[in-house]
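S.K.: To start, I am sharing the structure in question, which I have written as structure tokens.
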Amino acid sequence: MPAEAWLLITAGLAFGLWSWATHARDRVDLVSREVCRELALQRLDDTVTFERLRVHRDGNGRFACERLFAFEFTVNGADRHLGRVCLRGDRPLWAHLEHPDGAIHIDLLRG
């Protein structure tokens, strides 16, 4: 196979991975903003950060990628607390917030 073909394949794979990662980050950004709005919290820094990628196998033997993202929020504007959102494939699975009054875990599949 010519070198140009390998270059096109590599560029296509790189673009696909970049697009997949960007879509996930944007999805988590929206989910984290919505969770903070519903809990009357302020999301900080206007960004989410990627923390972990793992392969998950469900009860039917199917595999899916699980990605964990983190964000920070504040209760009163003077503190910072950590929140996380987990995606399985492109679906938000759960959100977990380290609230100062006690951890909050929200199952996003059930609402």
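Each value in this text was obtained by applying a stated rule to the coordinates, not by laboratory testing. Keep in mind the model is a prediction, meaning the values are calculated, not measured. Neighbour counts are summed over all protein chains in view; Cβ atoms, including those assigned to glycine, are modelled from backbone coordinates with ideal geometry.
S.K.: Can you give me the convex hull volume of the Cα atoms of the stretch 1-66, divided per residue and expressed in Å³?
M.R.: 133 Å³
S.K.: Put +1 on the Cβ of every Lys and Arg and -1 on every Asp and Glu Cβ in the chain; which of GLY77, ALA21, GLY61 then has its Cα farthest towards the positive end of the dipole?
M.R.: Value: GLY61.
S.K.: Obtain the nm distance between the two label points defined at ARG54 and PHE15 by a simple spin-label model: each point lies 7 Å from its Cα along the Cα-to-C-beta direction.
M.R.: So the label points at ARG54 and PHE15 sit 3.4 nm apart.
S.K.: Counting alpha carbon pairs within less than 8 Å and at least 6 residues apart, what relative contact order, in whole percent, applies to the chain?
M.R.: 17 percent
S.K.: Which percent of Cα-Cα pairs in the stretch 24-111 sits in each 5 Å bin, short to long?
M.R.: Bin by bin from 0 Å, the calculated values are 3, 15, 26, 24, 16, 9, 5, 2, 1, 0.
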